[in-house]
1. Consider the range 166-181. How many of its residues are within 16 Å of the chain's Cα centre (by Cα) and farther than 13 Å from L145 by Cα?
2. Could you run through the range 9-24 and say how many residues are over 17 Å from I51 (Cβ atoms) and crowded, with 16+ Cβ neighbours inside 10 Å?
3. Could you say which residue among K159, K133, K176, K185 is under 18 Å from S98 (Cβ atoms) and not in a strand (DSSP E or B)?
4. With the requirement that a residue be among the charged types (D, E, K, R), under 18 Å from S141 (Cα atoms) and crowded, with 17+ Cβ neighbours inside 10 Å, what does the range 158-178 give you?
5. Would you check if there is a residue in the range 38-59 being surrounded by 18 or more Cβ atoms within 10 Å (Cβ to Cβ), closer than 26 Å to F170 by Cβ and of a type in the set (S, T, Y)?
6. Across the range 25-34, what is the total count of residues that are crowded, with 22+ Cβ neighbours inside 10 Å and either within 15 Å of K218 (Cα to Cα) or of a type in the set (S, T, N, Q) (or both)?
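The values are calculated or read from the model by the stated rules, or taken from the named source; none is laboratory data. What you see is a predicted model, and the numbers here were worked out from it, not measured in a lab. Virtual Cβ from ideal backbone geometry, glycine too; neighbours counted across all protein chains shown.
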Amino acid sequence: MKVTTDACLFGAWIAEEVKSQKLKVKSVLDIGAGTGLLSLMVAQKNSEMKIDAIEIDNEAAEQAKTNIESSPWKEQINILQDDIKGFSFEKDFDLIISNPPFYENEIRSATDSKNVAHHSENLTLKELLVIIKDNLSKTGSFFLLLPYKRNEEIKKLLKDHELSILKILFVRQSIKHDYFRVFIKGSLNAKEKETEFNEMSIYDNNQKYTEEFVRLLKDFYLHL
């Protein structure tokens, strides 16, 4: 599976939010870990946390294990090759992160592994939110990456599942483009909080990375 710019930005945003907000995070659950990108990025910035990263696709999970074994953060991350819907954890998590399958009821690829990664027959948004609610600690936070076209849908689903949105970041390819991704930070509905809205562009008018993008990714990209 290819590493996408928006997934890298999402990982950097999570790592920055956890660090800047001084969140007390010891345990992390990465749902749909793919090849381990998000877990590695979060671990790089937060050395105290332990991460359980679960991935249903065997090939992706094996690649994640290889990537993590080759990294300085292998002691922090545990890869589980399993279906999250049938898996039971013995603890609640301080932080749950997910870049879930984007598409429901849309044209599928001829490649099975791409369908697992991109289409949600294996894990719908409704199922994902139930899993988050069941496994998140009372004071914990969750982070989701979704296509912008599902923005209104996810806000309604979160409300239906009694989950609060703390922050939303709308992401554009450039300042000339419309939004194409939405990053969400949320929590359990312990008490209602006002949602913070922000936006960000990856490229500026000169097709160079924006200052905000560079600030978030400079510790992860070799050449910024």
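1. First, pick out the residues of the range 166-181 that are within 16 Å of the chain's Cα centre (by Cα): 166-171, 180-181.
Okay, now just the ones that are also farther than 13 Å from L145 by Cα, so 166.
The qualifying residues number 1.
2. Total meeting the criteria: 1.
3. Values: K159 fails: under 18 Å from S98 (Cβ atoms); K176 fails: under 18 Å from S98 (Cβ atoms); K185 fails: not in a strand (DSSP E or B).
It is K133.
4. Taking the range 158-178 and keeping what is among the charged types (D, E, K, R), we get 159-160, 162, 167, 172, 176, 178.
Filter once more, keeping what is under 18 Å from S141 (Cα atoms): 159-160, 162, 167.
Passing the criteria: only K167.
5. There is at least one residue in the range 38-59 that is surrounded by 18 or more Cβ atoms within 10 Å (Cβ to Cβ), closer than 26 Å to F170 by Cβ and of a type in the set (S, T, Y).
6. Residues meeting the conditions: 0.
The rows are residues; the columns are (1) at pLDDT 95 or above; (2) out of contact with any Phe, Trp or Tyr (no Cβ under 8 Å at 6 or more places or on another chain).
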{"residue": "A43", "(1), (2)": "yes, no"}
{"residue": "N58", "(1), (2)": "yes, yes"}
{"residue": "D92", "(1), (2)": "yes, yes"}
{"residue": "N105", "(1), (2)": "no, yes"}
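Conditions (1) in contact (Cβ under 8 Å) with a residue 24 or more places away in the chain; (2) part of a strand (DSSP E or B); (3) loosely packed, with under 13 Cβ neighbours inside 10 Å, marked per residue:
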{"position": "F180", "(1), (2), (3)": "yes, yes, no"}
{"position": "E194", "(1), (2), (3)": "no, no, yes"}
{"position": "M200", "(1), (2), (3)": "yes, yes, no"}
{"position": "L216", "(1), (2), (3)": "yes, no, no"}
